[in-house]
Amino acid sequence: MFAQKLVVDLNETEDPETALKIRLLHVWGYYDQKNPAILSAYCSLWTDSKGTLIQAIAPPNLAHRFGAILQLVCVYLVARFRLEQPQAMWRTCSYRFSLVLSQETIFEDVTMLSPGFCADSFEFVPFNSLQSLPRSTNQLIDVVGKVVSIAGLSCSVTSTGAVVRRKLVIQNERNIRLNITICGDVARSLDGEELAYLGRSGFVILGVCSLQITNDTTDAMFLASTPATRFVLEPSSELANVVRATSPGGTDTIRYYPSCFSTSFEEKIFRADSTKTVMDLIHLSNNSMVDATKYHCLAQVLSAESSRPWFYLGCAFCFKTAREIPGTNDFLCDEHGQLMPQETENCYKIHLAVRDTTGSACFVALGKTAGSLIGFTANELLVRHPQHHGHFPPEIVAMNGRWFSFDVQLPKPGYLPQTPLEFTVLSAVDHRQPQQ
């Protein structure tokens, strides 16, 4: 049996049977400077329930093994690790130890047993404190502020090949500005056009983590991205404080960019596993680099959305909406043209509010998929409960509070950012709720 500890309680002579309960926030790789194709180290960033950050490092040959068993934002019991002083060139947080992961390290997914676990953690540095830091420091820096400007992608050629860059400027509540240069796939993942679009109707608050001070000789402070750099644009207590300070009209004028950016390294490492949390699905929906569109998700149904009807009249051949033709008893289908009444049928379209420990979303169950959950077709349910044409029959209400293993499809590309996300259910199996 492993003895659980918090990060702050670790010591150098830690018992090998000690376990940490921590959430995986970010993974990245360091590559050999002389041969950029060779991975030198596989790194990850974690937080415990108190928000204390700790970095982990593993041999590069274990990257894909861990990628097959770990998922971003999930919570794990991690045991059989070593502790060591973090190497300066790879250090991303201030904690005095790093975890060293190996073939013997054990991971147990306890996400479903960890409601309310710390979602993310930051060590944001005030802008005025940056001026006192030496330009040669190895400390990586987290900063947060209002986006003032963001440039397009540029490309330059170095001794190791072509490098893509993007420059941006952020500003704090005292109108002090920071110049930031981000490189590589991290620069590509930050969509400048979409940020500019969102910024037209309010402020965009951006947290940029794991930056380094550049050796610039000018008076202005310049920060540059590192392989560990990630972006944070989701509401948090730290970001909310900046929002209140930077917004002259209060929080009503703030627009959050609804995405957590995945780098190509993360996508490559985690590509083999299609099991995602609700928050994963939301992130993937906002990531244009994702190739796959179908994922598995374990979630609890809160309720069917009462503001939406649970069925519609559809074409019996293709199940698309059948519209009534005025002045006749017939209907019109875009696919099959004019339909007689017997060529139509009632079809399910149930909007389910679902959640897991990472977030909530709307899953839409259609046709036979919904019927397999309920046990009746929509026509059969209307015959059983004719009085429920405008209300939810008890068979639908019975899904409330139950857990299901869903296979879902991401929304089609091109949806507007302000549109509520809806994930189409491809299949679902009743799943017993994890024991608390």
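From the Cα gyration tensor of the stretch 279-431, with a ≥ b ≥ c the square roots of its eigenvalues, which class applies: rounded if a/c is under 1.5, or else prolate if a/b is larger than b/c, or else oblate?
Oblate is the answer for the stretch 279-431, as a/c is 1.5 or above yet b/c matches or exceeds a/b.
Contour minus end-to-end for Leu113 and His391, with contour as 0.36 nm per residue of separation and end-to-end as the Cα-Cα distance?
The Leu113-His391 span can extend by a further 96.7 nm.
With each pseudo-label sitting 7 Å past Cα toward Cβ, what's the Tyr31-Cys362 distance in nm, one decimal?
Computed distance between label sites Tyr31 and Cys362 equals 4.1 nm.
Using a 10 Å cut-off around each Cβ, can you sort Thr13, Thr92, Thr181 from fewest to most neighbouring Cβ atoms? Could you put the intermediate results ahead of the total?
Details: Thr13 6, Thr92 27, Thr181 17.
Placing the least packed residue first, the sequence is Thr13, Thr181, Thr92.
Take each of the peptides 403-412, 300-309, average the number of other beta-carbon atoms within 10 Å over its residues, and list them starting from the highest. Can you show the working numbers first?
Values: 403-412: 18.4, 300-309: 14.7.
Per-residue mean Cβ counts within 10 Å order the peptides as 403-412, 300-309.
Full extension from His336 to Val157: what is 0.36 nm times the residue separation minus their Cα-Cα distance, to one decimal in nm?
On the way: separation 179, 0.36 × 179 = 64.44 nm, distance 5.63 nm.
Once the chain is fully extended between His336 and Val157, it gains 58.8 nm.
Between Glu422 and Ala316, what length comes free when the chain is fully extended (0.36 nm per residue of separation minus the Cα-Cα distance, one decimal in nm)?
35.7 nm
Pick out, from Cys297, Gly367, Thr377, the residue whose Cα sits farthest towards the positive end of the charge dipole of the stretch 279-431, with +1 on the Cβ of Lys and Arg and -1 on the Cβ of Asp and Glu.
Projecting each Cα onto the dipole axis, the largest value belongs to Cys297.
Compute the FRET efficiency between Ile176 and Gln139 as 1/(1 + (r/R0)^6), taking r as their Cβ-Cβ distance and R0 = 22 Å, and round to the nearest 0.05.
Working: r = 19 Å, r/R0 = 0.88.
With a Förster radius of 22 Å, E is 0.70.
No value in this document is a laboratory result; all are computed from the given coordinates. Remember, it's a predicted structure, so these values are computed and weren't measured experimentally. Neighbour counts are summed over all protein chains in view; Cβ atoms, including those assigned to glycine, are modelled from backbone coordinates with ideal geometry.
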